[in-house]
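One structure below.
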Amino acid sequence: MLTARRKNRALVDLVVSACHDAGFVPVPGPAYGSLDDTLTAIGARGPEDGLWTVVYASHARRLSTPRVAFLPFRDPGMELTTSLAVRRTDPPAGVDPLLRACAAPDGSEALDLDR
């Protein structure tokens, strides 16, 4: 189950492309009102139903849902670039800590703090 493409075009295109590269077309599942509802539905079904969804790693680390496993993507190409737009002069307080919090947890990506 993926969010509607109109809600997150980059994510949906990335996942659908990866599915095609793996040799299958993802079949749309039922739409649920929230991530919690989606995870509950996945946990309530059996493996034969083949339900899955894509969850950002930050959400997976915070969620504790019985009967649902969070499996990280191993392909380094399964990444999305995110940008932040702020005023060039006098940016809001907290921008630098926000950028640090969003940095790769292993420190492998250098932060571009050049405003």
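The values are calculated or read from the model by the stated rules, or taken from the named source; none is laboratory data. None of the values given here were measured: they were computed from a predicted structure. Note that we place each Cβ from the backbone using ideal geometry, even for glycine, and neighbour counts take in every protein chain shown.
List of remarks:
- Residue in segment 106-115 that is surrounded by 10 or more Cβ atoms within 10 Å (Cβ to Cβ), of a type in the set (D, E, K, R), farther than 20 Å from residue 14 by Cβ and modelled with pLDDT under 75 present: yes
- The set of residues in segment 34-49 that are closer than 14 Å to residue 68 by Cα and exposed (fewer than 11 other Cβ atoms within 10 Å of the Cβ) comprises 46, 47.
- Restricting segment 4-33 to residues that are of a type outside the set (A, V, I, L, M), free of Cβ contacts under 8 Å to residues at least 12 places away in the same chain and within 19 Å of residue 50 (Cα to Cα), the residue that is surrounded by the most Cβ atoms within 10 Å (Cβ to Cβ): 19
- All of 65, 53, 38 fail the test of being part of a loop (DSSP other than H, G, I, E, B) and under 12 Å from residue 2 (Cβ atoms), apart from 53.
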